[in-house]
Amino acid sequence: MLTQSQLSERLVNHGQPSYRATQILDWIFKKRAKAWDEMTNLPESLRVDLAEHYPLRPLKHTLTKGSEDTTRKFLMELADGRYVETVLIPASPALYGERSDRHTLCVSSQVGCAYGCKFCASGLDGFTRNLSAAEIVSQIILAEEMSGEKVNNLVFMGMGEPLANFKNLCLALEMITSDWGLNIGARRITVSTSGLVPQIKKLAELPQQIRLAISLHGPDDVTRDKIMPVNRKFPVNELFEALRFWNLQKNQKITLEYILIDGVNAGLDHAAILAKRAASIKAKVNLIPYNTVEGLEWVRPSDIACREFQKVLFQAGVSATLRLEKGHDIDAACGQLRLKKEKGVL
Ligand code: SF4
């Protein structure tokens, strides 16, 4: 999949008028054509040529799992036989400030992940490959088709570290936000990262007003080192310097994601440092009691301990949500996306 200008240039190089690009993008994004053959306003020879060289649908839907709260997890097969998961959450988390009748889609950016955050299921099997921009965008098209719902909000919190696939992420963002593409407002898109400092700065310089969420999970280096190996490369002070740069460029509050793990990062001393850090960049904090991950041994703190932690943030004037996660029963909550053997398809 190409942007409008890239597609137009390629078509002109092949002797086609540039307006063919507009026609093709209209078929892909607005009319949702499933085959080149459906594009009846293109000459037949061009349709045949395109069909021979470019697969229109790089993903195939394989399996849907629904949960009690109607969160749905879609398993999608890539052309090379690998799989990704995409999760549709009907009620947007309050944290993103959206109304509850909206649909949020959590998309994957890589097959597997190289970053190995200790709480996360996605990294357990290591990194396989980046998704192309077309594979990222197709998750949205396919999820809308499978559910019959319009996706209003997008979070890059599925499998993979989106900023480690920076080029394809930027290309996908252009397709998602452009009026010739999916036309989803940039303010409805959140990119979540483990904290890749150089890419955060580059992302801050993009013109789109997208939102940023940081998987923080430790307010100081000693704690964060235990949970996030990436912290050894980009320690907390460096990360917060990049976040201050973000604040200068964008008019969007940063969200700090913080999974509460008993005996690791959920003490009141941790809360006090976190409160200071969050206040210094005017960020809001999303507290997520740890979810059980098969194969990992950490424990969720008691509800009372979680509330006490939140109280410390409130007392420091920091906005903090304590999230009752959607999709827990189908392993679709943040950090739980991992391809499992499903009915013999994997
Ligand atoms: S939290 Fe994100 S960056 Fe860390 S291992 Fe999981 S998918 Fe990768």
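The numbers here are math on the coordinates, done by the rules we state, and not lab data. As the structure is a computational prediction, the values presented were derived from the model and not from experiment. Because the Cβ atoms are built from the backbone with ideal geometry, glycine has one as well, and the counts that use them run over all protein chains shown.
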Eigenvalues of the alpha-carbon gyration tensor of the range 58-330, times 5 and square-rooted, give semi-axes in Å, largest first, of 28, 21, 19
So the angle from the long Cα axis of helix 4-13 to the longest Cα principal axis of the chain, reported in degrees to the nearest 10, equals 30 degrees
Final fewest-first order of Met76, Met228 on the 10 Å Cβ neighbour count is Met76, Met228
The answer for His103, listing residues at least 5 apart or on another chain whose modeled amide H is closer than 5 Å to its amide H, is Asn152, Asn153
Under 5 Å from the placed amide H of Met39, counting only residues 5+ away or on other chains, we find none
Note: Ala272 to Asp80 extended length (0.36 nm per residue) minus current alpha-carbon separation gives 64.3 nm
Descending packing, highest mean Cβ count within 10 Å first, for 26-38, 149-161, 42-54 is 149-161, 26-38, 42-54
For the range 297-314, Karplus-derived ³J(HN,Hα) couplings (6.51, -1.76, 1.60; θ = phi - 60°; whole Hz; x for glycine and proline) come out as 9, 5, 10, 7, x, 5, 4, 5, 4, 5, 5, 4, 4, 4, 4, 4, 5, 4
Violations at 25 Å Cα threshold for listed pairs Lys118/Lys233; Lys226/Lys284; Lys73/Lys284; Lys60/Lys253; Lys250/Lys284; Lys60/Lys233 -> Lys73/Lys284; Lys60/Lys253; Lys60/Lys233
